[in-house]
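Here the structure is laid out as structure tokens; the discussion comes afterwards.
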Amino acid sequence: MAVYNAIPFLEEAVESICNQTFRDFEFLIIDDGSTDGSRSWLEARAEKDDRLQVFRRESAGLTKSLNFGLKKAQGELIARMDADDISLPDRFEKQVREFDEDPNLVLLGCEVEIVSEDKTALGSRNHPLAHAEIRRQLLSGAGGALTHPAVMFRTQAARNAGGFDESFTTTQDLDLFLRLTDNGDARNLPETLLLWRQHKKSVNRTKWKTWSAMKRKAVHNTIQRIGVDQYLQQLFPDTVSHSFPNSPLALAKRAWSHGRVKEAYRLLCKASQVKGERRESLENFIEWTLLSAWRKVRNALRKIFPL
């Protein structure tokens with residue numbers, strides 16, 4: 001875990017790791033030149049738990065701090081963690097078990113719950129679960145195929161891949177994940193094992209303007225590494241269906257999503273007569289009818305009470 005001026009959330013983040021049900025780990029914390037008292041708090045906490053090792057560095061940025069931790073790590077597996085998030089108690093236990101059972105697995109994430117600064121739950125991120133889809137999304141530059149502070153990966157695999165590329169100021173995780181999955185498998189556990197906090201000082205708010213350039217660089221590096229033919233084959237695998245939906249229910253959903261209400265209801269009627277689609281057709285009928293009624297009420301209110 002790299003830390004820079006994280007006092008508002010630091011205690012919750014650290015305690016969520018210390019309280020894991022899986023307890024055989026070292027906790028490497030790299031303080032990247034904090035000025036808000038984070039270092040003092042960490043050093044005091046480390047005196048109470050010998051699993052904590054706190055390293056003080058002059059501010060060098062996240063990528064270099066992560067590589068410092070990668071060099072220091074003695075364990076076979078590395079679990080990433082950010083100083084403003086919360087790992088649920090059984091995260092390590094469930095992730096370690098997956099690695100024990102699958103020697104081809106090099107990178108493992110999990111579902112995360114997006115939360116606000118005060119931990120208000122805002123919904124899951126809905127990650128892909130299987131390797132093929134994770135790899136395909138990574139190749140398209142979608143770093144959200146895995147959530148960085150929720151992943152665990154094999155230490156030696158990361159070292160063999162060259163660690164984090166220090167020319168990346170952001171999306172260094174996307175670049176490493178692409179290199180890790182060149183020759184190994186990735187998965188996401190379906191269980192929610194991390195609360196992913198979003199706030200005004202989080203990287204997602206402060207450095208998003210650099211994402212496009214850094215994503216292009218990560219994808220460009222991958223194309224150079226594996227070749228154009230392999231890149232295109234993996235991005236558009238033969239196993240992925242690109243056919244247009246043809247069942248009445250699928251067509252109804254498409255029509256609804258494009259605002260074709262009458263056509264959507266007509267297709268729902270057809271779907272209600274198809275075995276296997278009847279229940280979902282009824283559910284969609286009720287949901288869409290209620291939604292349509294609400295829209296009419298909302299539009300009427302806007303006319304009565306204009307801004």
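Values in this text are rule-based calculations from the coordinates and carry no lab data. If you're wondering where the values come from, they're calculated on a predicted model, not measured in any experiment. Reconstructed Cβ throughout: ideal geometry from the backbone, glycine too, with neighbour counts over all protein chains shown.
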Among 196, 294, 211, the residue with the largest mean-square fluctuation in a Gaussian network model of the chain built from Cα contacts under 10 Å is 294
A student applying the Cα gyration tensor rule (rounded when a/c is under 1.5; otherwise prolate if a/b is larger than b/c, oblate if not) would label the stretch 149-236 oblate
Using just the helices of the chain, give the 222 nm mean residue ellipticity in deg cm²/dmol: DSSP H runs with n ≥ 4 each add -39,500 (n - 2.57), and the total is spread over all residues, rounded to 500. -14000 deg cm²/dmol
Relative contact order for the chain, counting Cα pairs under 8 Å that sit 6 or more residues apart, in percent: 17 percent
If each of residue 274 and residue 97 carries a label point 7 Å out from its Cα toward its Cβ, how far apart are those two points in nm? 3.8 nm
Quick one: grab the alpha carbon gyration tensor of the stretch 56-171, order the square roots of its eigenvalues as a ≥ b ≥ c, and give me rounded if a/c is under 1.5, else prolate or oblate depending on whether a/b is larger than b/c. rounded
Cα gyration tensor category, rounded, prolate or oblate, for the stretch 248-304 with a/c compared to 1.5: prolate
Name the residue from 40, 290, 174 whose Cα lies farthest towards the positive end of the charge dipole of the chain, charges +1 on Cβ of Lys and Arg and -1 on Cβ of Asp and Glu. 290
Only Lys, Arg (+1) and Asp, Glu (-1) charged, at Cβ; the chain dipole about Cα centre in debye: 1980 debye
Qualifying lysines (Cα of each under 30 Å from Cα of residue 72; at least 8 residues distant if same chain): 48, 64, 94, 201, 207, 215, 217
Identify all lysines with a Cα-Cα distance to residue 262 below 16 Å; exclude those on the same chain that are fewer than 8 residues away in sequence. 253, 270, 296
So which trypsin sites (Lys or Arg not before Pro) in the stretch 34-70 end up in coil per DSSP with only 11 or fewer other C-beta atoms within 10 Å? 48
